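These notes are about the structure you will find just below.
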Amino acid sequence: MFLSTPIIPCMLLEHLFVQDYRNILQADLDFSPKLNCFVGKNGMGKTNLLDAVYCLSFCKSSISQTENLTIRHGAECYQLQGSYRNPMGERTVIACVSKNKSKQLRRDGKDYQRFSDHIGYIPLVMVSPQDTELISGGSEERRRFMDIIISQYDTEYLKLLISYNKAVQQRNALLKMEVEPDRELFLMWEQTMADTGQKIFEKRRALTDRLVPYFQEMYSLIGDASEQVSLSYTSHAQRGDLMKQFEEGRGLDRAAGYSLHGIHKDELEMDLDGYPIRREGSQGQNKSYLVALKLAQYRLLKESCGKRPILLLDDIFDRLDAVRVGRIIALVSDNEKFGQVFITDVDRNHIDGIMEDAGCDYKVFTVQDGQVL
């Protein structure tokens with residue numbers, strides 16, 4: 001069970017304005033401080049509304065990497081505006097406008113010079129069908145998962161990542177040159193990779209050490225208590241000095257045309273009962289595993305940021321039995337442990353039944369053809 005802790009305040013999204021975002025023509029919505037449910041058939045725009053909330057926290061879509069695809073077909077730009085109440089009770093407005101490959105992000109009418117300065121101001125955790133890539137996808141997906149968590153509570157982390165990734169790109173460009181590059185150039189970029197990579201490694205290792213016990217606790221609460229889940233973080237940095245690895249591996253890297261060693265190869269192993277879940281897990285076990293992992297992320301962020309994140313649950317009920325669904329809703333509806341929650345579902349009667357059983361405040365919005373009725 002959770003240890004007894006003081007109630008941590010949350011960042012509440014009180015009002016959301018959406019215009020021309022994906023298939024949403026326009027929406028002007030007031031929310032419950034606890035549970036908010038978007039109901040409608042598949043393809044109607046429920047997920048797009050959650051994505052708009054996500055964008056106001058991360059300055060980008062959780063669905064599309066291409067900004068133009070986020071603008072509704074036929075429109076010139078999209079506009080998002082969220083009115084939040086912070087833990088001190090003060091209200092703040094976040095606005096995002098994207099037009100002609102140019103995006104502006106404002107807080108209370110003032111432009112951000114760097115989007116990275118906004119990350120972590122409104123902590124957020126999203127559970128979505130795309131999370132299956134954490135299990136079935138490549139190691140890049142799992143590194144991104146770690147990066148998203150750390151960057152919300154550690155302002156230095158994104159700067160380290162940007163610096164490291166730039167150095168890797170520059171080193172790779174040298175490795176691809178037909179003529180032998182200047183050794184001093186190699187040493188310059190490799191030193192940057194070693195310095196920033198070591199710090200990134202230490203932060204990822206610390207994250208994993210903190211996350212594992214929360215994850216195991218969450219899985220025992222929503223899954224099968226007899227099953228054991230675990231995470232293990234592996235990195236080339238565990239083998240010793242990174243700079244030495246870069247220098248010694250330069251010949252092989254030249255042959256390959258890219259950097260074979262470094263924290264850009266880090267892995268987060270995901271196991272169920274001692275075996276990789278990607279090979280052993282059923283659909284229900286995989287879903288429970290991912291939900292527990294994201295709820296563990298929520299708890300860690302809550303303690304690290306000093307405020308409860310917004311929680312987005314997209315298509316959370318798919319592939320889960322009624323017992324596990326009930327456990328999840330009972331958890332997230334607890335006012336002491338979780339703050340504001342947004343949920344999508346296809347069945348209004350289903351969602352009403354679940355929420356009434358939970359006995360908490362909730363609000364339902366029906367979504368049809370990109371409009372909220």
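The values are calculated or read from the model by the stated rules, or taken from the named source; none is laboratory data. Fair warning: this is a prediction, and the values are worked out from it, not measured in the lab. All Cβ positions, even for glycine, are placed from backbone atoms using ideal geometry, and neighbour counts span all protein chains on display.
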The correct count of residues that are within 23 Å of S333 (Cβ to Cβ), buried (at least 22 other Cβ atoms within 10 Å of the Cβ) and not aromatic (F, W, Y) in the range 186-221 is 1
Being surrounded by 10 or more Cβ atoms within 10 Å (Cβ to Cβ) and out of contact with any Phe, Trp or Tyr (no Cβ under 6 Å at 6 or more places or on another chain) is the requirement here; does N86 meet it? yes
Helices (runs of 4 or more DSSP H) wholly in the range 147-266 with at least 1 residues that are without any contact (Cβ under 8 Å) to a residue 12 or more places away in the chain and either among the hydrophobic types (A, V, I, L, M, F, W, C) or in contact with a Ser or Thr (Cβ under 6 Å, 6 or more places away or on another chain) (or both) - which ones? 155-175, 183-222, 250-256
What pairs come out if I take residues in the range 357-373 that are free of Cβ contacts under 8 Å to residues at least 40 places away in the same chain and surrounded by fewer than 13 Cβ atoms within 10 Å (Cβ to Cβ) and pair them with residues that are of a type in the set (S, T, Y) and outside any loop (DSSP other than H, G, I, E, B) whose C-beta lies under 8 Å away, six or more apart or interchain? L373/T366
Could you list all residues from the range 81-96 that are in contact with a Leu (Cβ under 6 Å, 6 or more places away or on another chain) and closer than 19 Å to N48 by Cα? G82, I94, C96
Does K110 count as at pLDDT 95 or above and closer than 30 Å to N335 by Cα? no
So which of V341, V323 ends up being over 23 Å from M146 (Cβ atoms) and under 16 Å from the mean Cα position of the chain (by Cα)? V341
Kindly establish whether M193 is among the hydrophobic types (A, V, I, L, M, F, W, C) and touching a Phe, Trp or Tyr at 6+ places or on another chain (Cβ under 8 Å). yes
Restricting attention to the range 1-25, which residues are at pLDDT 95 or above and either assigned to a loop (DSSP other than H, G, I, E, B) or polar (S, T, N, Q) (or both)? Q19, R22, N23
Screening R308, R278 for residues that are within 18 Å of L35 (Cβ to Cβ), among the charged types (D, E, K, R), in contact (Cβ under 8 Å) with a residue 40 or more places away in the chain and surrounded by 15 or more Cβ atoms within 10 Å (Cβ to Cβ) leaves only R308
How about the range 166-182: which of its residues are over 16 Å from L260 (Cβ atoms) and touching a Leu at 6+ places or on another chain (Cβ under 7 Å)? P181
Residues of the range 38-49 satisfying the condition of being surrounded by fewer than 23 Cβ atoms within 10 Å (Cβ to Cβ) and either of a type in the set (A, V, I, L, M, F, W, C) or outside the structural domain of K337 (by TED's automatic domain parsing) (or both): V39, M44
Given the condition surrounded by 15 or more Cβ atoms within 10 Å (Cβ to Cβ), closer than 30 Å to E180 by Cβ and either touching a helix residue (DSSP H, G or I) at 6+ places or on another chain (Cβ under 7 Å) or among the aliphatic types (A, V, I, L, M) (or both), answer yes or no: does some residue in the range 283-300 qualify? no
